[in-house]
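Following: one structure in C-alpha coordinates, then a few remarks.
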Amino acid sequence: MAIVTTTQMFKDAYAGGYAIGAFNVNNMEIIQGITEAAKELNAPLILQVSAGARKYANHTYLMKLIEAAVAETGLPIAVHLDHGDTFELCKSCIDGGFTSVMIDGSHHSFEDNIKLTKQVVEYAHAKGVCVEGELGRLAGIEDAVNVSSEDASYTRPEEVQEFVERTGVDSLAIAIGTSHGAFKFKPGQKPQLRFDILEEVERRLPGFPIVLHGASSVIPEYVKMINENGGKMDDAIGIPEDMLRKAASMAVCKINIDSDLRLAMTGTIRKHFAENPSHFDPRQYLAPAREAIKGMVAHKIKDVLGCDGKAK
Ligand code: G3H
Ligand code: 13P
Ligand code: ZN
(Lines give C-alpha, C1' and ligand atoms only; values in the text may rest on other atoms or scores of the structure.)
(Ligands and ions follow the chains in the order given, each with its own letter.)
Protein backbone atom coordinates (compact mmCIF):
# COMPACT_ATOMS: atom_id res chain seq x y z
CA MET A 1 0.00 0.00 0.00
CA ALA A 2 1.28 3.48 -0.89
CA ILE A 3 0.10 6.81 0.46
CA VAL A 4 -3.42 7.34 -0.95
CA THR A 5 -5.76 10.24 -1.68
CA THR A 6 -9.02 10.76 0.21
CA THR A 7 -11.30 10.13 -2.79
CA GLN A 8 -12.22 6.48 -2.16
CA MET A 9 -12.12 6.91 1.63
CA PHE A 10 -14.75 9.65 1.48
CA LYS A 11 -16.98 7.75 -0.97
CA ASP A 12 -17.01 4.73 1.34
CA ALA A 13 -17.43 6.84 4.49
CA TYR A 14 -20.39 8.74 3.04
CA ALA A 15 -22.12 5.55 1.90
CA GLY A 16 -21.33 3.74 5.16
CA GLY A 17 -22.40 6.49 7.58
CA TYR A 18 -19.04 6.80 9.30
CA ALA A 19 -16.12 9.28 9.26
CA ILE A 20 -12.36 9.06 8.81
CA GLY A 21 -10.20 10.45 11.62
CA ALA A 22 -7.82 13.22 10.54
CA PHE A 23 -5.17 13.37 13.23
CA ASN A 24 -2.55 16.15 13.46
CA VAL A 25 1.03 14.87 13.58
CA ASN A 26 4.23 16.55 14.74
CA ASN A 27 6.71 13.77 15.65
CA MET A 28 7.48 10.06 15.57
CA GLU A 29 5.71 9.00 18.76
CA ILE A 30 2.45 10.69 17.72
CA ILE A 31 2.59 9.04 14.27
CA GLN A 32 3.37 5.65 15.83
CA GLY A 33 0.60 5.86 18.45
CA ILE A 34 -2.05 6.80 15.87
CA THR A 35 -1.00 4.30 13.21
CA GLU A 36 -0.58 1.38 15.65
CA ALA A 37 -4.18 1.90 16.84
CA ALA A 38 -5.45 2.10 13.25
CA LYS A 39 -3.53 -1.04 12.32
CA GLU A 40 -5.06 -3.06 15.16
CA LEU A 41 -8.52 -1.92 14.10
CA ASN A 42 -7.92 -2.01 10.33
CA ALA A 43 -9.03 1.62 9.95
CA PRO A 44 -8.27 4.02 7.08
CA LEU A 45 -6.46 7.16 8.24
CA ILE A 46 -5.71 10.77 7.38
CA LEU A 47 -2.53 12.17 8.93
CA GLN A 48 -2.52 15.93 8.71
CA VAL A 49 0.28 18.45 9.01
CA SER A 50 -0.22 22.11 9.87
CA ALA A 51 2.14 24.87 8.70
CA GLY A 52 3.40 25.01 12.28
CA ALA A 53 4.02 21.25 12.41
CA ARG A 54 5.88 21.42 9.10
CA LYS A 55 8.06 24.23 10.44
CA TYR A 56 8.67 22.33 13.70
CA ALA A 57 9.47 18.89 12.33
CA ASN A 58 10.50 19.57 8.69
CA HIS A 59 8.50 18.39 5.65
CA THR A 60 10.92 15.61 4.69
CA TYR A 61 11.11 14.14 8.21
CA LEU A 62 7.32 14.00 8.45
CA MET A 63 6.94 12.46 4.97
CA LYS A 64 9.54 9.81 5.72
CA LEU A 65 7.92 8.97 9.07
CA ILE A 66 4.53 8.64 7.37
CA GLU A 67 6.03 6.48 4.60
CA ALA A 68 7.46 4.27 7.36
CA ALA A 69 4.00 4.04 8.97
CA VAL A 70 2.47 2.96 5.63
CA ALA A 71 5.17 0.30 5.23
CA GLU A 72 4.68 -0.93 8.80
CA THR A 73 0.87 -0.99 8.80
CA GLY A 74 -0.09 -1.63 5.16
CA LEU A 75 -3.00 0.76 5.73
CA PRO A 76 -4.44 3.30 3.29
CA ILE A 77 -3.12 6.59 4.74
CA ALA A 78 -3.67 10.04 3.20
CA VAL A 79 -1.24 12.90 3.96
CA HIS A 80 -3.04 16.20 4.22
CA LEU A 81 -2.01 19.85 4.70
CA ASP A 82 -4.13 21.30 7.51
CA HIS A 83 -5.16 24.98 7.19
CA GLY A 84 -3.02 25.98 4.21
CA ASP A 85 -3.37 29.74 3.92
CA THR A 86 -1.53 30.52 0.68
CA PHE A 87 -1.24 29.04 -2.81
CA GLU A 88 2.55 28.78 -2.33
CA LEU A 89 2.24 26.66 0.83
CA CYS A 90 -0.28 24.33 -0.85
CA LYS A 91 1.95 24.05 -3.94
CA SER A 92 4.98 23.21 -1.84
CA CYS A 93 3.08 20.41 -0.03
CA ILE A 94 1.67 19.06 -3.31
CA ASP A 95 5.13 19.09 -4.91
CA GLY A 96 6.48 17.39 -1.76
CA GLY A 97 4.14 14.38 -1.98
CA PHE A 98 1.04 15.29 0.07
CA THR A 99 -2.08 13.67 -1.39
CA SER A 100 -4.52 16.25 -0.06
CA VAL A 101 -4.38 19.93 0.91
CA MET A 102 -6.71 22.30 2.68
CA ILE A 103 -6.82 25.86 1.42
CA ASP A 104 -8.43 27.83 4.19
CA GLY A 105 -9.72 31.02 2.64
CA SER A 106 -12.42 31.39 5.28
CA HIS A 107 -11.01 34.71 6.54
CA HIS A 108 -11.32 36.25 3.04
CA SER A 109 -14.45 37.58 1.35
CA PHE A 110 -16.62 34.98 -0.46
CA GLU A 111 -15.24 36.06 -3.86
CA ASP A 112 -11.60 36.09 -2.73
CA ASN A 113 -12.05 32.71 -1.02
CA ILE A 114 -13.38 31.31 -4.33
CA LYS A 115 -10.51 32.83 -6.33
CA LEU A 116 -7.78 31.45 -4.03
CA THR A 117 -9.42 28.04 -3.62
CA LYS A 118 -9.92 27.66 -7.39
CA GLN A 119 -6.25 28.46 -8.01
CA VAL A 120 -5.21 25.69 -5.60
CA VAL A 121 -7.74 23.23 -7.06
CA GLU A 122 -6.42 23.76 -10.59
CA TYR A 123 -2.84 23.07 -9.52
CA ALA A 124 -3.74 20.16 -7.22
CA HIS A 125 -6.09 18.34 -9.60
CA ALA A 126 -3.50 18.45 -12.38
CA LYS A 127 -1.29 16.42 -10.02
CA GLY A 128 -4.02 14.06 -8.74
CA VAL A 129 -4.21 15.75 -5.32
CA CYS A 130 -7.50 16.43 -3.46
CA VAL A 131 -8.51 19.82 -2.03
CA GLU A 132 -10.55 20.76 1.04
CA GLY A 133 -12.05 24.27 1.16
CA GLU A 134 -13.70 26.10 4.04
CA LEU A 135 -16.79 28.26 4.33
CA GLY A 136 -17.70 29.86 7.65
CA ARG A 137 -15.23 30.62 10.38
CA LEU A 138 -14.40 28.61 13.53
CA ALA A 139 -13.43 30.21 16.82
CA GLY A 140 -10.28 29.15 18.67
CA ILE A 141 -6.54 29.00 18.15
CA GLU A 142 -4.72 27.82 15.00
CA ASP A 143 -1.02 28.38 14.59
CA ALA A 144 -1.07 31.04 17.32
CA VAL A 145 -3.85 32.99 15.54
CA ASN A 146 -6.71 33.41 17.98
CA VAL A 147 -10.16 33.84 16.41
CA SER A 148 -12.52 35.18 19.07
CA SER A 149 -16.04 33.79 19.28
CA GLU A 150 -17.32 37.20 18.14
CA ASP A 151 -15.32 36.88 14.89
CA ALA A 152 -16.44 33.30 14.30
CA SER A 153 -19.38 32.73 11.98
CA TYR A 154 -21.56 29.79 11.01
CA THR A 155 -21.51 28.52 7.42
CA ARG A 156 -24.33 29.94 5.32
CA PRO A 157 -25.94 26.94 3.59
CA GLU A 158 -27.16 29.13 0.71
CA GLU A 159 -23.51 29.69 -0.31
CA VAL A 160 -22.23 26.10 -0.38
CA GLN A 161 -23.42 25.01 -3.84
CA GLU A 162 -21.99 28.04 -5.58
CA PHE A 163 -18.70 27.67 -3.68
CA VAL A 164 -18.30 23.99 -4.56
CA GLU A 165 -19.32 24.47 -8.21
CA ARG A 166 -17.10 27.48 -8.84
CA THR A 167 -14.01 26.14 -7.04
CA GLY A 168 -14.18 22.41 -7.84
CA VAL A 169 -13.15 21.41 -4.27
CA ASP A 170 -13.38 17.75 -3.26
CA SER A 171 -14.60 18.36 0.30
CA LEU A 172 -15.84 21.28 2.37
CA ALA A 173 -15.15 22.26 5.99
CA ILE A 174 -18.11 23.98 7.60
CA ALA A 175 -18.65 25.89 10.84
CA ILE A 176 -21.54 24.57 12.96
CA GLY A 177 -20.32 25.50 16.45
CA THR A 178 -17.12 23.49 16.90
CA SER A 179 -13.90 25.41 17.60
CA HIS A 180 -10.17 24.80 17.82
CA GLY A 181 -8.37 24.12 21.10
CA ALA A 182 -9.33 22.82 24.54
CA PHE A 183 -11.80 25.55 25.61
CA LYS A 184 -14.69 25.21 23.19
CA PHE A 185 -17.54 26.51 25.32
CA LYS A 186 -17.74 29.10 28.07
CA PRO A 187 -18.03 27.84 31.66
CA GLY A 188 -21.64 26.87 32.30
CA GLN A 189 -22.52 26.99 28.60
CA LYS A 190 -24.27 23.88 27.26
CA PRO A 191 -22.35 22.37 24.30
CA GLN A 192 -24.48 22.66 21.19
CA LEU A 193 -23.91 22.17 17.47
CA ARG A 194 -26.05 23.54 14.62
CA PHE A 195 -27.19 20.24 13.13
CA ASP A 196 -29.84 22.20 11.23
CA ILE A 197 -27.01 23.82 9.21
CA LEU A 198 -25.38 20.44 8.56
CA GLU A 199 -28.73 19.01 7.40
CA GLU A 200 -29.32 21.94 5.05
CA VAL A 201 -25.78 21.66 3.62
CA GLU A 202 -26.35 17.92 3.11
CA ARG A 203 -29.62 18.62 1.30
CA ARG A 204 -27.98 21.14 -1.01
CA LEU A 205 -24.88 19.00 -1.68
CA PRO A 206 -26.12 15.40 -1.77
CA GLY A 207 -23.28 12.86 -1.57
CA PHE A 208 -20.63 15.54 -1.02
CA PRO A 209 -18.10 14.98 1.83
CA ILE A 210 -18.21 17.50 4.66
CA VAL A 211 -15.36 18.12 7.14
CA LEU A 212 -15.60 18.99 10.82
CA HIS A 213 -12.70 20.91 12.33
CA GLY A 214 -12.28 21.62 16.02
CA ALA A 215 -13.77 18.23 16.85
CA SER A 216 -11.80 17.10 19.89
CA SER A 217 -13.98 16.02 22.78
CA VAL A 218 -11.33 17.20 25.30
CA ILE A 219 -11.43 13.87 27.11
CA PRO A 220 -11.98 14.58 30.85
CA GLU A 221 -9.66 11.73 31.93
CA TYR A 222 -6.66 13.54 30.43
CA VAL A 223 -7.69 17.01 31.61
CA LYS A 224 -7.94 15.53 35.13
CA MET A 225 -4.50 13.94 34.75
CA ILE A 226 -3.05 17.34 33.80
CA ASN A 227 -4.80 19.16 36.65
CA GLU A 228 -3.76 16.55 39.22
CA ASN A 229 -0.12 16.67 38.21
CA GLY A 230 0.82 20.32 38.33
CA GLY A 231 -1.07 21.60 35.27
CA LYS A 232 -3.87 24.12 35.11
CA MET A 233 -6.58 23.52 32.58
CA ASP A 234 -9.71 24.45 34.49
CA ASP A 235 -12.80 24.90 32.33
CA ALA A 236 -11.39 22.84 29.44
CA ILE A 237 -14.41 21.49 27.53
CA GLY A 238 -14.90 19.82 24.16
CA ILE A 239 -17.55 18.46 21.81
CA PRO A 240 -19.63 15.64 23.35
CA GLU A 241 -18.84 12.38 21.61
CA ASP A 242 -22.47 11.52 20.87
CA MET A 243 -22.68 14.71 18.76
CA LEU A 244 -19.56 13.70 16.81
CA ARG A 245 -21.02 10.23 16.26
CA LYS A 246 -24.21 11.82 14.95
CA ALA A 247 -22.23 14.08 12.57
CA ALA A 248 -20.25 11.04 11.35
CA SER A 249 -23.50 9.24 10.53
CA MET A 250 -24.54 12.25 8.40
CA ALA A 251 -22.52 13.95 5.61
CA VAL A 252 -19.41 14.48 7.76
CA CYS A 253 -16.70 12.20 6.32
CA LYS A 254 -13.61 13.73 7.98
CA ILE A 255 -13.30 14.63 11.67
CA ASN A 256 -10.22 16.63 12.75
CA ILE A 257 -8.56 15.79 16.05
CA ASP A 258 -5.51 17.50 17.49
CA SER A 259 -6.26 18.77 21.01
CA ASP A 260 -7.18 15.28 22.28
CA LEU A 261 -3.75 14.02 21.13
CA ARG A 262 -2.02 16.90 22.92
CA LEU A 263 -3.99 16.28 26.12
CA ALA A 264 -3.32 12.52 26.11
CA MET A 265 0.39 13.10 25.58
CA THR A 266 0.79 15.94 28.07
CA GLY A 267 -1.37 14.34 30.78
CA THR A 268 0.59 11.10 30.57
CA ILE A 269 3.97 12.82 30.67
CA ARG A 270 2.97 15.03 33.61
CA LYS A 271 1.75 11.97 35.53
CA HIS A 272 4.92 10.07 34.65
CA PHE A 273 7.16 12.81 36.05
CA ALA A 274 5.03 13.20 39.17
CA GLU A 275 5.46 9.48 39.83
CA ASN A 276 9.07 9.22 38.62
CA PRO A 277 10.80 12.51 39.44
CA SER A 278 14.29 11.09 38.81
CA HIS A 279 13.63 9.89 35.24
CA PHE A 280 15.52 11.71 32.53
CA ASP A 281 15.66 9.25 29.61
CA PRO A 282 13.08 10.57 27.07
CA ARG A 283 12.11 7.00 26.22
CA GLN A 284 10.84 6.53 29.78
CA TYR A 285 8.14 9.19 29.37
CA LEU A 286 7.60 9.11 25.59
CA ALA A 287 6.76 5.38 25.57
CA PRO A 288 3.74 5.75 27.93
CA ALA A 289 2.71 8.92 26.06
CA ARG A 290 2.72 6.94 22.80
CA GLU A 291 0.63 4.19 24.46
CA ALA A 292 -1.88 6.79 25.69
CA ILE A 293 -2.21 8.19 22.16
CA LYS A 294 -2.74 4.68 20.83
CA GLY A 295 -5.50 3.98 23.38
CA MET A 296 -7.20 7.32 22.79
CA VAL A 297 -7.15 6.92 18.99
CA ALA A 298 -8.48 3.34 19.25
CA HIS A 299 -11.40 4.69 21.29
CA LYS A 300 -12.10 7.40 18.67
CA ILE A 301 -11.99 4.91 15.80
CA LYS A 302 -14.36 2.42 17.47
CA ASP A 303 -16.71 4.56 19.49
CA VAL A 304 -16.84 7.92 17.69
CA LEU A 305 -15.80 7.68 14.03
CA GLY A 306 -17.09 4.16 13.35
CA CYS A 307 -14.34 3.47 10.76
CA ASP A 308 -12.94 0.30 12.37
CA GLY A 309 -12.63 -2.55 9.89
CA LYS A 310 -13.09 -0.18 6.93
CA ALA A 311 -9.53 -0.14 5.50
CA LYS A 312 -9.48 -1.74 2.06
O1 G3H B 1 -6.29 23.61 13.68
C2 G3H B 1 -5.19 23.64 14.16
C3 G3H B 1 -4.46 22.41 14.56
O4 G3H B 1 -4.79 22.06 15.89
C5 G3H B 1 -3.00 22.57 14.35
O6 G3H B 1 -2.45 23.38 15.33
O7 G3H B 1 -1.25 25.06 13.95
O8 G3H B 1 -0.69 24.73 16.37
O9 G3H B 1 -0.05 23.00 14.69
P10 G3H B 1 -1.01 24.11 15.07
P1 13P C 1 -9.18 20.36 17.87
O2 13P C 1 -8.45 21.52 18.43
O3 13P C 1 -10.59 20.29 18.36
O4 13P C 1 -8.47 19.06 18.06
O5 13P C 1 -9.28 20.58 16.26
C6 13P C 1 -8.22 20.25 15.42
C7 13P C 1 -8.42 20.74 14.03
O8 13P C 1 -9.48 21.15 13.61
C9 13P C 1 -7.25 20.70 13.15
O10 13P C 1 -7.52 21.30 11.92
ZN1 ZN D 1 -8.85 22.97 11.97
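The values are calculated or read from the model by the stated rules, or taken from the named source; none is laboratory data. Remember, it's a predicted structure, so these values are computed and weren't measured experimentally. Please note: Cβ atoms are built from the backbone with ideal geometry, for glycine as well, and neighbour counts cover all protein chains shown. These accessible areas exclude ligands, DNA and RNA; they are computed on the full protein's heavy atoms, side chains included. Shrake-Rupley method; radii C 1.70, N 1.55, O 1.52, S 1.80 Å.
Overview of values
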{"item": "Long pairs among LYS55/LYS310; LYS64/LYS300; LYS55/LYS190; LYS55/LYS186; LYS91/LYS184; LYS224/LYS310, criterion Cα-Cα beyond 27 Å", "result": "LYS55/LYS310; LYS55/LYS190; LYS55/LYS186; LYS91/LYS184; LYS224/LYS310"}
{"item": "Contour minus Cα-Cα distance for PHE87 and ASN227 (0.36 nm per residue)", "result": "46.3 nm"}
{"item": "Cα pair distances exceeding 18 angstrom across the stretch 1-148, given as percent", "result": "57 percent"}
{"item": "Sparse-neighbour loop sites [chymotrypsin sites (Phe, Trp or Tyr not before Pro); the stretch 246-308; at most 15 other C-beta within 10 Å; DSSP]", "result": "PHE280"}
{"item": "Stokes-Einstein D in µm²/s, Kirkwood radius over Cα pairs - the stretch 168-284 at 20 °C with 1.002 mPa s viscosity", "result": "135 µm²/s"}
{"item": "Share antiparallel - DSSP beta bridges, the stretch 105-261, percent rounded to 5", "result": "25 percent"}
{"item": "Approximate spin-label separation ASP196-GLU241, in nm, with each point projected 7 Å along Cα-to-Cβ", "result": "3.0 nm"}
{"item": "Two-site FRET efficiency, TYR61 against ALA2, from Cβ-Cβ distance with R₀ of 25 Å, rounded to 0.05", "result": "0.85"}
{"item": "Exposure rank, largest accessible area first [LYS190, LYS91, LYS127, LYS294; 1.4 Å]", "result": "LYS190, LYS127, LYS91, LYS294"}
{"item": "Geometric extent, Cα atoms of the stretch 91-216 - Rg, Dmax (angstrom)", "result": "14.9, 49"}
{"item": "Extension reserve of the GLU291-GLU111 stretch, reckoned as 0.36 nm per residue once the Cα distance is removed", "result": "60.3 nm"}
{"item": "Length-normalised contact order of the stretch 131-285 in % [C-alpha pairs under 8 Å, at least 6 apart]", "result": "22 percent"}
{"item": "Computed label-point distance, nm, for sites GLU72 and GLU40 using a 7 Å Cα→Cβ extension", "result": "1.4 nm"}
{"item": "Exposure ranking of TYR61, TYR123 by accessible area [1.4 Å probe, largest first]", "result": "TYR61, TYR123"}
{"item": "The chain - mean residue ellipticity at 222 nm from DSSP helices (-39,500 (n - 2.57) per run, n ≥ 4, rounded to 500)", "result": "-14500 deg cm²/dmol"}
{"item": "Residues of the stretch 1-87: accessible area per residue with a 1.4 Å probe, Å²", "result": "38 Å²"}
{"item": "Relative contact order (percent, whole number), the chain, Cα cutoff 8 Å, 6+ residue spacing", "result": "23 percent"}
{"item": "Vicinal HN-Hα couplings computed from phi for the stretch 114-122 (Karplus, 6.51 cos²θ - 1.76 cosθ + 1.60; Hz; Gly/Pro x)", "result": "4, 4, 5, 5, 4, 4, 5, 4, 4"}
{"item": "Whole-Å distance, taken between Cα centres, linking the stretch 197-261 and the stretch 2-71", "result": "17 Å"}
{"item": "Under-5 Å amide H pairs with ILE219, H placed in peptide plane, nonlocal only", "result": "none"}
{"item": "³J(HN,Hα), Karplus 6.51/-1.76/1.60, whole Hz, each residue of the stretch 192-198, x for Gly, Pro", "result": "9, 10, 8, 5, 5, 5, 4"}
{"item": "Cβ-Cβ FRET estimate between HIS125 and SER278, R0 fixed at 41 Å, reported to 0.05", "result": "0.15"}
{"item": "Gyration tensor verdict on the stretch 51-97 (Cα atoms; rounded if a/c is under 1.5, prolate if a/b is larger than b/c, oblate otherwise)", "result": "prolate"}
{"item": "The stretch 185-240, relative contact order in percent, only Cα pairs under 8 angstrom and at least six apart counted", "result": "43 percent"}
{"item": "Acute angle (nearest 10 degrees) that the helix 7-16 long axis makes with the longest principal axis of the chain, alpha-carbon atoms", "result": "80 degrees"}
{"item": "Fraction of beta bridges assigned by DSSP in the chain that are antiparallel (%, nearest 5)", "result": "10 percent"}
{"item": "Interatomic Cα distance distribution for the stretch 1-63, bins of 10 angstrom, percent", "result": "19, 49, 27, 5"}
{"item": "Kirkwood estimate for the chain, i.e. one over the average of 1/r between Cα atoms, Å", "result": "19.5 Å"}
{"item": "For SER50, distant residues with modelled amide H under 5 Å away", "result": "VAL25, ASP82"}
{"item": "Nearest 10 degrees, 0 to 90: helix 282-299 Cα axis against the chain principal axis", "result": "50 degrees"}
{"item": "Per-residue SASA entry for ASP303, accessible area with 1.4 Å probe, Å² rounded to 10", "result": "90 Å²"}
{"item": "Solvent-accessible heavy-atom area per residue, rounded to whole Å², over the stretch 151-310 at 1.4 Å", "result": "45 Å²"}
{"item": "Portion, in percent, of the accessible area of the chain that falls on carbon or sulfur, probe 1.4 Å", "result": "51 percent"}
{"item": "Euclidean distance between Cα centres, the stretch 77-91 to the stretch 288-309, Å", "result": "25 Å"}
